[in-house]
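Below is one structure, written out as structure tokens; comments come after it.
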Amino acid sequence: MGDRWLLRGAEVITCEPGQEDLPRGDVLVEDGLIVALAPELRVDDCRVVDLRGKLVMPGLIDTHRHTWQTPLRALGADWTVMDYLAAVRVKLAPAFRPEDLHAANLAGALEALDAGITTLVDYSHCMQSPEHADAALAALEEARIRALFAYGYAAGPGDSPALPTHASRLQEARRLRRTRLASDDGLVRLGVALTEMQVPWEQSRAELHSARELGVPITAHCSAWPVSGPSEVQRMADEGLLGPDLLFVHCTWSSDEDLARIAGSGGSLAVTPESELQMGMGFPITGRALRRGVRTTLGCDVVSSNGGDLFTAMRLALQVERGRTNERVGLPRELELKAARVLQMVTLEAAQALGLGHVTGSLRPGKQADLVVLSADALNLTPLNRARDAVVLQAHAGNVESVMVRGRWVKLQGALVDVDVASVRRRVVAARDAVLARVGGAAALLAERGELDRHWDTGSGGVTKDA
Ligand SMILES: [Zn+2]
């Protein structure tokens, strides 16, 4: 690295408890780290960026995204969760080849960076061979995003000659830990994504034990629909398998007891408001989870159906929660969930959920410089009153002017740095064409939805499968 940057004169949102926001401040970045933050710094021998009229804040953190689905953008705009599972998980996933996955992850990670997301949890459950994993991982590294590459243990619907057994899939994650992702100091770290718990519990237990042997964070879709019998959280609690390394996703049907169990174990939750609202997973449980003390974060989930930026996710999470509360209490005396709290959910609290609270998620000296410059001088942010609240309720991805990851500009003054965008675009379009051609075209995606029941048991507790 060796770069030294002085970011001069912006309004600074820190998201760090005890570190006040600055109406006008300077940020000094050196060798990838924030080394000073003050109303005015006198520094020589550095490159200066004049940010008067702009807003500087921590990079956003998306804690749940299936980046591999980028070529499927908006195909599922009108899909329920059952349509999604039938089309994407049963039909489309097996049609991805390693080169498609590379194009998808590269375009998806760059899309995230472009929208101010500096850290991504890539829930990568399209792992049909070692080459698929290598391609997906290489693309994240190429994009220079900070990421948890959550290796998906889930098997596809058909035979996978390269990974024929559950044991071989566990072994794959071990291979990555032994080789390319042996270190936790790189921008991309290894995590694992559990198979959905419609598989026998013994398999889930084996995945948990294997992940713990690797010493990597674990993420898992959880309680997105009601199930009969003990929940996944309860099963884990019964066997002492909960822990702060677990990031549960959705939990829209989790009981208060399960939320208390997650909170008590130090685990975290990723709410994905847009996909949950669309697909019939129930209402996002943001408020209930926060009241139970669960560390709660936000994710975009699937651009195969919905948007890929966290400004939208923040706004939806906040206003849906307010709407639900208001419906219950009538005219409220006060809005319980505050906008500024939601900003913490996509910054510092998300970093803590990934075990990265000491690395990223807020702006303070000593942390790595993952930050975003917003055009506070744009009409939709002018005049800038209550900066944190304006970011949550009024900013959009188009306001992201510049993005820095670990002290390096990945987007500067509106353009991704050292990225051939035309080539990225060509490759992801080619991936879309190739994948759709292999399944007989977009019109054929839902033709065999009945096949779904052979692969997923969504239980009998209240899911209307033909909805
Ligand atoms: Zn998901």
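With the alpha-carbon atoms of the chain aligned to their principal axes, the span from lowest to highest coordinate is 65, 53, 43 Å, starting with the largest. Setting aside same-chain residues fewer than 8 positions from LYS367, which aspartates and glutamates have a Cα under 13 Å from its Cα? List returned: GLU16, GLU30, ASP31.
If the cut-off is 13 Å between C-alpha atoms, which aspartates and glutamates fall inside it for LYS411, apart from same-chain ones fewer than 8 positions away? The qualifying aspartates and glutamates are GLU111, ASP114, ASP370, GLU401, ASP420.
Remark: the range 7-13, residue by residue, has Karplus-estimated 3J(HN,Hα) of 8, 10, x, 7, 6, 10, 9 Hz, where x stands for each Gly or Pro and the curve is 6.51 cos²θ - 1.76 cosθ + 1.60 at θ = phi - 60°. Each residue of the range 303-319 was assigned a 3J(HN,Hα) from its phi angle through the Karplus curve 6.51 cos²θ - 1.76 cosθ + 1.60 (θ = phi - 60°); the sequence is 6, 5, 10, 10, x, x, 10, 7, 4, 4, 5, 4, 5, 5, 4, 5, 6 Hz, with glycine and proline shown as x. Here's how it looks for ALA10: its modeled amide H is under 5 Å from those of GLY25, LEU51, which are all 5 or more places away or on a different chain. Coupling constants for the range 27-39 follow from the phi torsions by the Karplus curve (6.51 cos²θ - 1.76 cosθ + 1.60, θ = phi - 60°), and in residue order they are 10, 9, 10, 9, 6, x, 10, 6, 10, 7, 8, 7, x Hz; glycine and proline get x. Measuring nothing but how far apart in sequence close Cα pairs (under 8 Å, 6+ apart) lie, relative to its length, the chain scores a relative contact order of 22 percent. Note on LYS338: aspartates and glutamates with a C-alpha under 12 Å away, same-chain residues under 8 apart excluded, are GLU321, ASP389. What is the range 56-196 by shape, rounded, prolate or oblate, if you read a ≥ b ≥ c off the alpha carbon gyration tensor as root eigenvalues and call it rounded for a/c under 1.5, prolate for a/b larger than b/c, and oblate otherwise? Oblate shape, in that a/c is at least 1.5 and b/c is the bigger or equal ratio.
All of the numbers you see were taken from the coordinates with simple rules; none came from a lab. All figures in this text were calculated on a predicted structure; none of them were measured in a lab.
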